[in-house]
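The values are calculated or read from the model by the stated rules, or taken from the named source; none is laboratory data. Here the structure is a predicted model, which is why all the values come from computation and not from measurement. Cβ coordinates were reconstructed from backbone atoms using ideal geometry, including for glycine residues, and neighbour counts include every protein chain displayed. These area figures cover heavy atoms from the full protein model, side chains too; ligands, DNA and RNA do not enter into them. Shrake-Rupley method; radii C 1.70, N 1.55, O 1.52, S 1.80 Å.
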Amino acid sequence: LHWRRLVPPVGRGLMGVLSDQAFSGKAQPAWWMEGLVANFSRWETVLVYRAEMFAPINAEGFAPDQIAVPVRILHGDDDRLAPVGIRRYLSEQIPGASYSEIAGGSHMLPVTQPELVVGEVKQLSAAD
């Protein structure tokens, strides 16, 4: 298992690239990469991550038109990981769903704009 000692630098490089995409090339909080490195230093995390990444996607039974609770979709206009088409599809399929496009927002809205996300959740829960 000598090769396992070589994985961390490669893994950190991969994490850096993926994080850069998730944050759309913008600044990342210092604690973010520290936590990611700590999590991926555990072999179990790597195994679960690989299993999830390469598992076949089965959307059978997913029926957004049957969702019967308030839904608020927040999507950063600079999200490099989740295509806007997903947002469009969900907002059209979920009855009564509301949508906000966040200017300059990346895939990491809860990390980069937590006040905005918390405000949206409070507003949605107050309306229910």
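List of remarks:
- Checking region 48-69 against the condition returns no match, with no residue being in contact (Cβ under 8 Å) with a residue 12 or more places away in the chain, closer than 30 Å to Gly13 by Cβ and of a type outside the set (S, T, N, Q).
- Taken over region 106-122, the residue count meeting the criterion of being part of a loop (DSSP other than H, G, I, E, B) and within 14 Å of Gln21 (Cβ to Cβ) is 3.
- Search result, residues across region 70-114 that are open to solvent by 80 Å² or more (accessible area, probe 1.4 Å), in contact with a Gly (Cβ under 9 Å, 6 or more places away or on another chain) and within 21 Å of Ser125 (Cα to Cα): Glu101
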